[in-house]
Amino acid sequence: MEIDQLGDWRRTHCSTDVKPGLDGKEVIVLGWVRDIRDLGGIRFVILQDREGTVQITIPRNEVGENMAKRADSLQRQYSIGVKGIVKKTEQTPRGIEIVPSEIRILGIAQHPLPLDVTGRTPAQIDVRLDARVLDLCRDENKVVFRIQHVALAAVREFLSEQGFTEVHTPRIIASATEGGAALFPVDYFGREAFLAQSPQLYKEQLVLAFDRVFEIGSFFRAEESHTRRHLSEFVSIDIEQGFATADDAMRVLEEMVHHMCKAVKTRCQKELKTLKHRIDVPETPFKRFTYSEVVEELNGKGIDVPWGEDVPTPAFRTLGELHPYFYYITDWPTRSKPFYIKPRDDNPELCEAFDLMWMWIELASGGTRVHSKDLLMRRLREQGLRPESFSYHLQVFDYGMPPHAGWAAGLERVMMMLTGKQNIREVVLFPRDRFRLTP
């Protein structure tokens, strides 16, 4: 089939702009064929664009033989342009249709398609991810990322108003940020390097120059876990603030979550309706429970969590049933947290760390940072790490490092909360995990 040229055609209206008030007016709409219905003497084409859908009605006895043949050649997912007259009607849900005077076929789709773009024939998630862009054409998938767009705009808006400067730290690093083994090695001009797991050390250093910084960006962990909430490439929302403690960082985090939820609830009503999902704007401050209180509560439910051990997923699920809202877990055992988290002065076995939970899912982790060079070197050794490997970071503590605190939130887990999706791959455009490297 010969493809038409766009030529001088430009969209005059999006689908949702075509309303009964345009009755009798000529419009140009551009988009894709979402569905086709043929009733013999009349053919209906549903055109979808970025805003929604509009019905193109082709009555064969009115449009002429050439136009009828043109309409007959259309198939689902063809990219088309339509010039035509808006007609007010009581036969369509929105009270309008477009009767075309010309149709241009701008891109064809090979059939059979790997997915049913109408969604009437469901597909398993791996099949959908194999044809991800086509999968994203469906409204219930597309709106997830419109919500993400609004959520990130709200995050940037809030943090900027709080005096934070957005920064971008390196993704190719010389040593492990947190000393972990879950690293992706990179051949950096013959030298060993790694993909960054976190901006942690860089954002701490930048406190010296900017006082308050935030970053939204992709990071990488060779994550062995293959669950509905783990990824190998993920987007992290990070902040670091100078002259602050964990309490200050928690206040910023909960106020940001409040602002973000309010923005999504207000600006994404249509998208939330498509998902059949409701967002409740949380009240602040969020409830706080210490690690010891959580362990005691779980033990009371017959779930044994030895003090000092991490809380396993089944136990977190129980916590989510007991606390179906946002809450913090604070005062974690020092040995369970990274070397840069500050031990409490009154009880060094505990540290000034916190996790933000939403029901049973951890959304963010943070705490007061160690700002004493001697203590930081001791913490490195306690965790089996060599201070020499962190010399570039340690030298910054000779330049007047102030007390500071911060946190990191996983965007994808936040999006699960905002959209009601149960699998983290649903809220990533092109997910990367243990088994998926394409598309």
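The values are calculated or read from the model by the stated rules, or taken from the named source; none is laboratory data. Note that this is a predicted model, so its numbers are computed, not measured. Neighbour counts run over all protein chains shown; Cβ positions are idealised from the backbone, glycine included.
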* Could you give me the residue pairs with C-beta distances under 9 Å whose first residue belongs to region 229-257 and is farther than 19 Å from A353 by Cα and touching a residue at least 60 places away in the same chain (Cβ under 8 Å), whose second residue is of a type in the set (K, R) and in a strand (DSSP E or B) wherever it lies, and which are 6+ apart or on separate chains? => S232/R436
* **Positions within region 405-424 being of a type outside the set (A, V, I, L, M, F, W, C) and either touching an Asp or Glu at 6+ places or on another chain (Cβ under 6 Å) or not assigned by TED's automatic domain parsing to the domain that holds T368 (or both), in sequence order** => G406
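Just to check your reading of the model, which residue among E97, E102 is more than 23 Å from the chain's Cα centre (by Cα), charged (D, E, K, R) and more than 19 Å from G52 (Cα to Cα)?
Exactly one residue qualifies, and that residue is E102.
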* Going through region 410-439 one residue at a time, which ones are under 12 Å from I125 (Cα atoms) and touching a His at 6+ places or on another chain (Cβ under 8 Å)? -> I424
* To do: Mind listing whichever residues of region 360-401 are under 26 Å from I329 (Cα atoms), of a type in the set (A, V, I, L, M, F, W, C) and over 32 Å from the mean Cα position of the chain (by Cα)?
  => L375, L376, L380
* **Residues satisfying the stated conditions in region 276-312, i.e. without any contact (Cβ under 8 Å) to a residue 24 or more places away in the chain and assigned to a helix (DSSP H, G or I)** => E293, V295, E296, L298, N299, G300
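Conditions tested, residue by residue: (1) under 17 Å from G107 (Cβ atoms); (2) more than 29 Å from the chain's Cα centre (by Cα); (3) basic (K, R).
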{"site": "K25", "(1), (2), (3)": "no, yes, yes"}
{"site": "V33", "(1), (2), (3)": "yes, no, no"}
{"site": "I36", "(1), (2), (3)": "yes, yes, no"}
{"site": "G41", "(1), (2), (3)": "no, yes, no"}
{"site": "Q48", "(1), (2), (3)": "yes, no, no"}
{"site": "G52", "(1), (2), (3)": "no, no, no"}
{"site": "I58", "(1), (2), (3)": "no, yes, no"}
{"site": "E62", "(1), (2), (3)": "no, yes, no"}
* If only one of V29, V33, V18 is within 19 Å of Q91 (Cα to Cα) and in contact (Cβ under 8 Å) with a residue 12 or more places away in the chain, which one is it? -> V18
* Quick check: anything in region 201-222 buried (at least 17 other Cβ atoms within 10 Å of the Cβ), modelled with pLDDT under 95 and part of a loop (DSSP other than H, G, I, E, B)? -> yes
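Residues checked against (1) of a type in the set (D, E, K, R); (2) under 30 Å from R278 (Cβ atoms):
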position: T330; (1), (2): no, yes
position: R344; (1), (2): yes, no
position: G366; (1), (2): no, yes
position: S372; (1), (2): no, no
position: R381; (1), (2): yes, no
position: L385; (1), (2): no, no
position: L418; (1), (2): no, yes
* When you go through (1) crowded, with 19+ Cβ neighbours inside 10 Å; (2) at negative phi one by one for Y399, which number turns out not to apply? -> (1)
* Asked: If a residue has to be more than 23 Å from Q5 (Cα to Cα), outside any strand (DSSP E or B) and not small (G, A, S) to count, how many in region 52-91 make the cut?
  -> 6
